[in-house]
1. Can you list the lysines whose alpha carbon is less than 21 Å from that of K42, not counting same-chain residues fewer than 8 positions off?
2. What does a probe at T181 reach in segment 199-216, counting residues whose amide N is under 15 Å from the point 7 Å along Cα→Cβ?
3. Can you flag which of K134/K159; K123/K182; K61/K134 are past 20 Å Cα-Cα?
4. Run the numbers for Y38 and R193: contour at 0.36 nm per residue of separation, minus the present Cα-Cα distance, in nm.
5. What is the Cα radius of gyration of segment 1-90 over 2.2 N^0.38 Å, N being its residue count?
6. May I ask you to give the solvent-accessible area per residue for the chain, in square angstrom, as obtained with a 1.4 angstrom probe?
7. Give a residue-ordered list of calculated ³J(HN,Hα) values for segment 195-207 (Karplus: 6.51 cos²θ - 1.76 cosθ + 1.60, θ = phi - 60°; whole Hz; x for Gly, Pro).
8. Testing the spin-label approximation: label points 7 Å from Cα along Cα→Cβ at V83 and Y212. State their distance in nm.
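The values are calculated or read from the model by the stated rules, or taken from the named source; none is laboratory data. In this text, all values refer to a predicted model and were calculated from it rather than measured experimentally. When we count neighbours, we look across all protein chains shown, and the Cβ atoms used for this are built from the backbone with ideal geometry, even at glycine. Protein only, heavy atoms only, side chains kept; ligands, DNA and RNA dropped before computing areas. Shrake-Rupley method; radii C 1.70, N 1.55, O 1.52, S 1.80 Å.
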Amino acid sequence: RIYNLGIFSTVEIYPVDSTYTVFLIETFQFTPLPLIEYSEAKGFSYGAGIAYLNFRGLNEKLISGGMVGEEKVYFISFYNPWVFGNHGSIESEVYQYSTESSNYNFHYQINGFEFGTGFYIGKEHRYSGEIGFKNYNIDSTKSSVINYKQLLGDDYESKYQYLIGKLKYRFDSRDIYIDPTKGEYLSIIFEPRISLNNSPSYYSLFFTYNKYIHLSNII
């Protein structure tokens, strides 16, 4: 379980007279994230990010990065796996994504933020929730091929604003540390998107069920 935290490259345990000595080597705290994307229609986008895997020495994760070029992306996220109670966690993210297509003559941008928390009841029941805001801008006035402002007026720009959320329940009866080959996994996710302007609201429901059966000890 200590090794599965993902912040130690070596975990060795030495029993001496009913006392266990645990020898640990911490992995690199900072992990670089090269970001490269290529599209035949638009070209290259490139950038970099960095992940601080053991922020403040509490297994917290702080990740940020960005890309420039044909697509522009900026993001920063934070995750703390245990703040209160039974694995009570918090997470947050701020992001922006924008791109422009000369083929379809539009400029597309998304920006928003999200905040979430979660906790366990017992060992098998996990509850989590997120809330946030997402803004979409789709603008055809930036096209160099056709001036849509002259054809359709100065207001030819579509803006969609949503209050977003996510409610998730997960049941997992497997022993993921010792024997993950037996047990059940159930996931139910409800994602509302509530419009804050004249665009329609919509809702999504995802259901997943897996049954694991151990068939053989042969590896």
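1. Cross-link targets: K72, K142.
2. Inside the label zone: 212-216.
3. Violating the 20 Å Cα-Cα cut-off are K61/K134.
4. So the chain would gain 52.8 nm between Y38 and R193.
5. Dividing the Cα radius of gyration by 2.2 N^0.38 Å gives 1.55.
6. Value returned for the chain: 68 Å² of accessible area per residue.
7. For segment 195-207, the Karplus curve yields 6, 9, 9, 8, 6, x, 8, 8, 9, 10, 10, 10, 10 Hz.
8. Going from the V83 label point to the Y212 one covers 2.9 nm.
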